[in-house]
Amino acid sequence: MSNFNKKELGENIKKYRRIKGLSQENLAVALGKTPATIARYETGEIIPNAEQIYMICNELDIYEYQLFNSTKKINNTDTIINPFNTDILYLYYIAYYPKSKKYDKAKFRLKLIEKPDICKVDFIDYKTDFIYLSGYLQADHHIAVFVFENYKENNLRFELSHLILNIVDGTNKLMIGTFHCTNGEYMPSIRKCLVSREDLEFTDKLLNKLKITDIEKEQLSNNNILYLDITNTYDFEDK
């Protein structure tokens, strides 16, 4: 177990405050504190409480984990922030629609926003700019992991989802992954998804790629564990 380092916490507050372009006075006004208090936060002399840390992260546009033990990150990232070399990706999966009570095609946009130490991601409606979820991306040369949470803090339903994407064969192809989420009744689900850098038509052929295979069903029956195969990648020509 690692020890809490209050000096490191203070240094991270100072680092992200400067990245944001704020002075101690600016941050103090936003938090309803004095500049002297902010200075004491940054030296580690005093530690902000949970509410103050929440407010600090909101003002600095960062996540709470970025203030603590910054050495704890996914290993083998090779400093990769955005392996896709684009700021928009397209996501395809099978979703349940309560109004029609049917499972059907679902298509969304993923907007990637690169920051100095992190790549933020917004989960956006395909046809509008409505943001459903917001999160961040971590990746190496083999896999990309998107972690999403509620876009609005006052959302009545807690939601935390993640998407695991195979990028071992590059990002120019149609990439396959798994999408883990909960529905309106908090029932967890895992499904296959496809991600592309190009805006593709969600054809029936793409839909068939998202269905559970007989081999995957057999493994589930034998092991009571669902192993979804995301090792196969598909060229755009195969759409």
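For the Cα atoms of the chain, what angle does the longest principal axis make with the long axis of helix 50-60, in degrees from 0 to 90, nearest 10?
For 50-60 against the chain, the angle is about 80 degrees.
Multiplying the sequence separation of TYR97 and GLU64 by 0.36 nm and subtracting their Cα-Cα distance, what value in nm do you get? Kindly include the intermediate steps, with their values, before the conclusion.
Working: separation 33, 0.36 × 33 = 11.88 nm, distance 3.34 nm.
My answer for the length gained is 8.5 nm.
Considering only protein heavy atoms, with the full assembly of protein chains and a 1.4 angstrom probe, order SER100, SER221, SER161, SER23 by accessible area, largest first. Please report the intermediate quantities before stating the final value.
Details: SER100 65, SER221 90, SER161 0, SER23 40 Å².
Heavy-atom accessible area, descending, gives SER221, SER100, SER23, SER161.
Round to the nearest 10 and give me the degree value, 0 to 90, for the angle of helix 214-223's Cα axis relative to the longest principal axis of the chain.
Roughly 60 degrees between the two axes.
Per residue, how many Å² of accessible area does the chain show with a 1.4 Å probe? Before the final figure, lay out each step's value.
Values: 14190 Å² over 239 residues.
With the other protein chains kept in place, the chain gives 59 Å² per residue.
Tell me which lysines have Cα within less than 17 Å of LYS205's Cα, excluding those fewer than 8 residues away on the same chain?
Correct list for LYS205: LYS105, LYS107, LYS173, LYS192, LYS239.
Can you tell me how segment 16-152 classifies by the Cα gyration tensor, rounded, prolate or oblate, using a/c under 1.5 as the rounded cut?
The shape class here is prolate.
Please state the charge dipole magnitude for the chain, taken about the Cα centre, from unit charges on C-beta atoms (+1 on K and R, -1 on D and E), reported in debye and rounded to the nearest 20.
My answer is approximately 400 debye.
Please name whichever of ALA95, THR128, LEU31 sits farthest to the positive end of the charge dipole of the chain, dipole taken about the Cα centre and charges placed at Cβ: Lys and Arg +1, Asp and Glu -1.
Checked the options; the winner is LEU31.
Find the relative contact order for the chain and round it to a whole percent, using C-alpha pairs within less than 8 Å whose residues are 6+ positions apart. Please list the in-between numbers first.
Working: 397 pairs, mean separation 31.0, N = 239.
Answer for the chain is 13 percent.
Where the accessible area of the chain is counted over protein heavy atoms with a 1.4 Å probe, how much of it, in %, is carbon and sulfur?
51
Suppose R0 equals 22 Å. What FRET efficiency, 1/(1 + (r/R0)^6) with r the Cβ-Cβ distance, do ARG40 and ARG18 give to the nearest 0.05?
That pair, ARG40 with ARG18, gives E of 0.80.
Multiply the residue separation of ILE81 and VAL145 by 0.36 nm, subtract the distance between their alpha-carbon atoms, and state the gained length in nm to one decimal. If you can, show how the numbers build up before the last one.
Details: separation 64, 0.36 × 64 = 23.04 nm, distance 1.12 nm.
Taking 0.36 nm per residue and subtracting the Cα distance, the gain is 21.9 nm.
With labels modelled as points extended 7 Å from the Cα through the Cβ direction, what inter-label distance (nm, one decimal) is found for ASP125 paired with ILE190?
In this crude label model, ASP125 to ILE190 measures out at 3.1 nm.
Over 24 Å apart: what share of the alpha carbon pairs of the chain falls there, rounded to a whole percent?
Of all Cα-Cα pairs in the chain, 54 percent lie more than 24 Å apart.
The values are calculated or read from the model by the stated rules, or taken from the named source; none is laboratory data. Just so you know, these numbers come straight off a predicted model, no measurement behind them. Neighbour counts run over all protein chains shown; Cβ positions are idealised from the backbone, glycine included. To get the accessible areas, we keep the full protein, side chains included, count just its heavy atoms, and leave off ligands, DNA and RNA. Shrake-Rupley method; radii C 1.70, N 1.55, O 1.52, S 1.80 Å.
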